[in-house]
Each structure stands twice: as C-alpha cells, then as structure tokens.
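This report refers to the structure that appears directly beneath it.
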Amino acid sequence: MGITRRSFVAGGVAIAGAGMAAPAHAEVAMRAEEMAPLVPGAPTLVVRDLARVGAYYENGIGLERIDGDSETRHLGAGRRTLLVLRQRKSAEQEPPGLAGLYHTAFLLPGRAELGAWLRRAIRMRLPLDGVSDHRVSESLYLSDPEGNGIEIYADRPRATWVWSGSTVEMGNHPLDGDGILRDGMGLPEPERLPSGTIVGHVHLRVGAVPQAEAFYAGVVGLEITRRRDGAAFYATGRYHHHLATNEWESAGSPRRSGATTGLAQLALVANDAAAFDAAAERMLAAGGARSGRQIRVPDPWGNIVVLSRAEV
C-alpha cells in the first residue's frame, strides 16, 4: 500500500509484518556516497525562533544536539554535525518563490532504519508533505516550523540503479510504505536518527536552471547526473545526486538579500586535496574568497557556497 499524507497524519498506516525478518543493520563505515570527491556538508539555516525550530529537529526528526548556545545550535547524528541553526529574531520570513533551500535530505544507513524511523513518526503523528519512490531511493518529506524543507530517505542498493552513460534513471512513484515498515520491524523504534546518517543531498530553489548548471557544474565542478523539466541533478563519484536545483516555484527569482530566514550557507566538503584544489581554483576565479581553510562564493542568487577539506 502506498502512503499518503492524509493516512500518515491520521495514523492510518498499519504497522504490519511483526515477526518477518528484516535486513541486517547497515554498516556504519564510510560508504561510497560519503567518499566521493565532493559531497554535501551541514547546511546553515537562519531561523527566527531557535527554541521552536531546534525542538522540532531534536524531538520530531530525531537529530541530537551536539553543540550550541543561545544563538546557534549544531544538530546531527552519531556526534556528526548535519545541520546548523542560527537565530536572528529580526530576520524577515523568507517569501515564497525566493531562491534558496528546497530541502535538506538526511540519508539513513538503510531501508530498515527508514522503516524504524517511520514507525516512530507515525506514533508521534508527525505530518508529512509527501512521499515518493525515486527508483534509486525511497523518501519521506516534511517541513520544519519555519518552512524549511526536509527529506528523510534511504538508498536502494547501487546495483539496482540504472545508468545510461552519465545519466541515472530516477522518477516519482508510489511508496511501498508497508514494505518499509516491515523491513524496520527488526529494529527498535529510534529515539534519535541512527549513527551513520549523513546529509545525502541538498536541493535548492534557483531562478533559472541553465545558470545553476553553469555555476554548480561549471564552477563548482559537480557532474550533471539527470535533467528533467525545470530541474537538474548533480553529483560526484557516480552517486545519483549530491545536489539538485529546480525553478518550479522560483523561476526569475532575485538575489537573496541576506535579511531573510532560510539558507545561510551551503556546505561542500572535498574528500581529497586534488578535488579541493580544483574546485577552489574555479571558485576563486568566479569571485570567491578564502576564509581560513575555506573558500566562499555566492551562486547567482546569493546562496553562499562554502568549500572545505574533509577532516582526516
């Protein structure tokens, strides 16, 4: 049975299949999607109410508080920061259609973990914005109290992904919610997102996809893995996508003013010196600047991209 937002909010999805075997717990070791040359790091969001938004990510999504103070909160899983919240009470609420964050996608170690998280979310009656089977992954979508999009997902095995040259097949299909729940029955209901959860990808709203491709492929150096009407997907290391850009709601968007809530910076992490040096050279040539060990450059809509080296 496919899950709908209505059935999920109402708690109407049966948790069936107790006693059925679930896949073994996924390895927490470094996976291929983490070892690609360039991968997403922890995005930074500006929020007006840190206590409210932070509580949603901690108590609802299940991120753990790693560090922070009255103005900043670092949240993550397994002591790894996956999201940074900055409070700015004077910030204007981000208007609809402005280029910025579409969603931050938290990648769980496997389908069993997704099922266990879904069981917990159903018990908490946590509302969803949507669900989808993308062929390469299975996804649940939510929004935080200030409208920042969230995806919780698990990848299908890489061996099942279908590539045609440099293009991977993806789509939007009904989600097998019952199957996901059955696979999660062998795991306890989690209080927090499991260790091994990472930022699998970040999806952005942009003003025009061709300009986004020129920047994120041409300047940053990500490879385009798929195009569809009004959107492009990018990655390194033959992952399905570490980044996506769409103009579905934001075509023609002006530059961000820096005075609103929402995305403050997009983090990218280079896993080796060659990847860092190559991207840094292009980003500096495009108007970027060094800040300590990082390179910072705005994209065409003022989204700040921060490149750093992976910690050894």
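Could you check the stretch 82-111 and list, in sequence order, the residues that are open to solvent by 40 Å² or more (accessible area, probe 1.4 Å), touching a Gly at 6+ places or on another chain (Cβ under 8 Å) and more than 18 Å from residue 144 (Cα to Cα)? Across the stretch 82-111, the qualifying residue is only 111.
The single condition among (1) buried (at least 17 other Cβ atoms within 10 Å of the Cβ); (2) within 27 Å of residue 48 (Cα to Cα); (3) among the small types (Gly, Ala, Ser) that residue 177 does not meet is (2). Residue 114 fulfils the conditions (1) open to solvent by 30 Å² or more (accessible area, probe 1.4 Å); (2) within 30 Å of residue 160 (Cα to Cα); (3) not in a loop (DSSP other than H, G, I, E, B) except for a single criterion, (1). Close Cβ contacts (under 6 Å, 6 or more residues apart or on different chains) running from residues in the stretch 59-82 that are over 16 Å from residue 45 (Cα atoms) to residues that are hydrophobic (A, V, I, L, M, F, W, C) comprise 60/126; 62/193; 77/193.
Quick one: would you say residue 139 is over 24 Å from residue 191 (Cβ atoms) and modelled with pLDDT of 95 or more? No, not satisfied.
Just to be sure before I move on: is residue 159 crowded, with 18+ Cβ neighbours inside 10 Å and among the aliphatic types (A, V, I, L, M) in the structure I sent?
Answer is no for this residue.
One residue alone among 227, 192, 182 is of a type in the set (Lys, Arg) and in a strand (DSSP E or B), and that residue is 227. In the list 244, 232, 251, which residue meets the criterion of being of a type outside the set (Lys, Arg), under 19 Å from residue 154 (Cβ atoms) and outside any helix (DSSP H, G or I)? Within the list 244, 232, 251, the selection yields 244. When each of 239, 216 is tested for being within 16 Å of the chain's Cα centre (by Cα) and aromatic (Phe, Trp, Tyr), the lone residue that passes is 239.
Here's the yes/no breakdown for (1) more than 21 Å from the chain's Cα centre (by Cα); (2) of a type in the set (Val, Ile, Thr):
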{"residue": "174", "(1), (2)": "no, no"}
{"residue": "182", "(1), (2)": "yes, no"}
{"residue": "198", "(1), (2)": "no, yes"}
{"residue": "235", "(1), (2)": "no, no"}
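Looking at 67, 49, just one residue is surrounded by fewer than 13 Cβ atoms within 10 Å (Cβ to Cβ) and either modelled with pLDDT of 50 or more or on the phi > 0 side of the Ramachandran plot (or both), and that residue is 67. A single entry from 131, 53 fulfils the requirement of being assigned to a helix (DSSP H, G or I) and of a type in the set (Val, Ile, Thr): 53.
The values are calculated or read from the model by the stated rules, or taken from the named source; none is laboratory data. These numbers were taken from a predicted model, which means no experiment stands behind them. Note: ideal-geometry Cβ built from the backbone for every residue, glycine included; neighbour counts use all protein chains shown. Surface areas here come from the heavy atoms of the whole protein model, side chains and all, with no ligands, DNA or RNA. Shrake-Rupley method; radii C 1.70, N 1.55, O 1.52, S 1.80 Å.
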